[in-house]
Amino acid sequence: MENIEKEIVIIGAGLTGLTLAFYLRKRGKNVLILEKNERTGGVINTVTEKGFTYETGPSTGVLSSLEIVELFEDLVQQCSLQVAAKGANKRYIWKKTKWEALPSGLLSAVRTPLFTLKDKLRILGELFRKAGGTPNESVADLVVRRLGKSFLDYAVDPFLSGVYAGDPSQLITRHALPKLYALEQNYGGFVRGTIAKQKEAKTDPQRAQHKKVTRQVFSVVDGLKKLTETLHEQIGNANILTNCKDLSIQPTASGFSIQFRQNSDDVKSILASKVITTIGGYALADVIPFADASDLKHFAETTYSPVIQIAVGYNHWSGIKLDAFGGLISSKDKRSVLGVLFPSAIFPYRAPEGGALLSVFMGGTKRKDLLLLPDTEIEKLVKAELKILMKVDAEPDLLRIHRYQHAIAQYDVKTDDRLKSISNIEKKYPGLIIAGSIRDGIGMSDRVKQAKILAKELMMT
Ligand SMILES: Cc1cc2nc3c(=O)[nH]c(=O)nc-3n(C[C@H](O)[C@H](O)[C@H](O)COP(=O)(O)OP(=O)(O)OC[C@H]3O[C@@H](n4cnc5c(N)ncnc54)[C@H](O)[C@@H]3O)c2cc1C
């Protein structure tokens, strides 16, 4: 068995692993990525078929960190960032029998039927409400306390379905929405915090940098796969091994030994001074079996929301006007669908001229039962839901179902234990870093931010 030596080995070639390897390679580090699957990209994948270009995993990201903006700047020659069309800024929320636009200004906030009059009046008092003192307060409790139940039902619940496919009563604000938590803790409330932050931004010496973080919705020309393919190309085939099965790490006197099978029984072994994992909590115990069982337990217990993503395409669109980013649905309305995005309204060339591409998502922590249905039942449900939600009777010309049992890590009450276990292991085994979406945020911007910060830290050691 040959022993290859590498300075840094990264486990997993999703967006986190690829971005980390890209920045380390850029600075001349001897890096190797080991990936279980045949292809790189992780959950990011784009398919072009029958005149439609659809995403099978994440649909869009948000330019919410400087690091994601800088990544696109670094790849500008090879990969073109695409931001959402201006006409697709609107967001719909389903209430009872129809879509209502989420308010975008004061006047629309006063007029919207989404929130009760009592809660609209209550919001005036938000300025004077005391900050909460419970560190593990759920998002639901915080929102009801500060804004009222109708804001939870018709703004935050559907928003969290869109981001976490999660349950606001289980997600802990401090972990799941850290910026919102900080507004209340640092400034006393959301309104005060927002005003103070706007003032601070004006005098911030790094204002130009922060101005780049526009929070615009993004994709990439030709789809998100182009981003991960570009990263792969830049890292180079010689520095990525795919099809690495049954991978497991063992600490050695000078670092780590990583063993895996490639092409049937051919066992390979690699020695590395540093190893960074970017894989899910459910997969960690097999990869770092030497760690204390009491820590591994907390990874295995990470809650994940399951998601079914359905791409639905029509050559000729006859449903409601697609003049928005999409629509989200509150769990209060008890529908089978969490939301419908309108990719062909957000980005050009996603559907044939005159046609439409929709991205429907179902499941989440509140409707795990839907994942048990066969594709034929999912298809029936989607068509029935689209008839009501999108007023479309026509048979779709494309319908593709993709399932994810472990779609999004939930930053719930178990998060503190998980973070403590990461810290225990990293202290006990210097050179081993446990990264990925089990910490530091679940969105694509968060993944790139974590990877770039880690790359900087690794350059210093
Ligand atoms: C259905 C869905 C919809 C989403 N929607 C959005 C969205 O709209 N906007 C947004 O910003 N984010 C979204 N996300 C989240 C975002 O896609 C992810 O946070 C991000 O792409 C994860 O990248 P990653 O590299 O951390 O993990 P992954 O993409 O999961 O990559 C991990 C890699 O590790 C590999 N691996 C696992 N185990 C092993 C092992 N034992 N040995 C070797 N390799 C292994 C896997 O095969 C995989 O390639 C969505 C996620 C899903 C699943």
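Just so you know, all these numbers are worked out from the coordinates, no wet-lab data involved. Keep in mind it's a predicted model, so treat the numbers as computed, not measured. All Cβ positions, glycine included, derive from the backbone under ideal geometry; neighbour counts span all protein chains shown.
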* To do: Give me the percent of DSSP beta bridges within the chain that run antiparallel, rounded to the nearest 5.
  => 70 percent
* Asked: Cα convex hull of the stretch 224-360: mean projected area in nm², to one decimal?
  -> 13.6 nm²
* Structure fact -> Per residue, the convex hull enclosing the Cα atoms of the chain spans a volume in Å³ of 158 Å³
* Asked: Tell me, in nm to one decimal, what length is gained between N3 and K334 on full extension, where the rule is 0.36 nm per residue of separation less the Cα-Cα distance?
  -> 113.6 nm
* To do: Report Rg/Rh for the stretch 115-203, rounded to two decimals, where Rg is the Cα radius of gyration and Rh the Kirkwood radius.
  => 0.97
* To do: Grab the other residues whose beta carbon is less than 10 angstrom from that of Q78, score K and R as +1, D and E as -1, and report the net.
  => -2
* **Rounded to 10°, Cα long-axis angle of helix 375-389 versus longest principal axis of the chain** => 30 degrees
* **Of the GluC sites (Glu not before Pro) in the stretch 34-113, those whose Cβ has at most 14 other Cβ within 10 Å and which sit in DSSP loop** => E38
* Among K268/K420; K179/K428; K226/K449; K98/K120, which pairs are too far apart, with a Cα-Cα distance over 23 Å? -> K268/K420; K179/K428
* Give, as ranges by residue number, the residues of the stretch 281-316 whose backbone N falls under 19 Å from the point 7 Å along Cα→Cβ of N136. => 294-304
* Asked: Hey, if you put +1 on the Cβ of every Lys and Arg and -1 on every Asp and Glu Cβ in the stretch 304-409, which of A351, G364, H316 ends up farthest toward the positive end of that dipole?
  -> G364
* **Pairwise FRET efficiency - I320 versus S294, Cβ, R0 = 51 Å, nearest 0.05** => 0.45
* Asked: In what sequence do L341, L398 fall when counting other Cβ within 10 Å, fewest first?
  -> L398, L341
* What are the aspartates and glutamates whose alpha-carbon lies under 16 Å from the alpha-carbon of K26, with same-chain residues fewer than 8 places away excluded? -> E7, E67, E70, E73, D74, E233, E457
* Quick one: if the Förster radius is 45 Å, what FRET efficiency do R111 and N237 give, using the C-beta to C-beta distance and rounding to 0.05? -> 0.20
* Do any trypsin sites (Lys or Arg not before Pro) in the stretch 352-451 lie in a loop, going by DSSP, with at most 12 other beta-carbon atoms within 10 Å of their beta carbon, and if so which? -> K391
* Check the straight Cα-Cα distances from K36 and name the aspartates and glutamates below 12 Å, setting aside those fewer than 8 residues away within the same chain. => D246
* **Cβ-Cβ FRET estimate between V47 and K26, R0 fixed at 30 Å, reported to 0.05** => 0.50
* Taking the stretch 290-335 on its own, what percent of its Cα-Cα pair distances exceed 12 Å? -> 81 percent
* Mean shadow of the stretch 304-409, computed from the convex hull of its alpha carbons, in nm²? -> 6.5 nm²
* Structure fact -> Per the rule of 0.36 nm per residue minus the C-alpha distance, extending K383 to Y349 adds in nm 9.9 nm
* **Cα pair distances exceeding 16 angstrom across the stretch 1-43, given as percent** => 37 percent
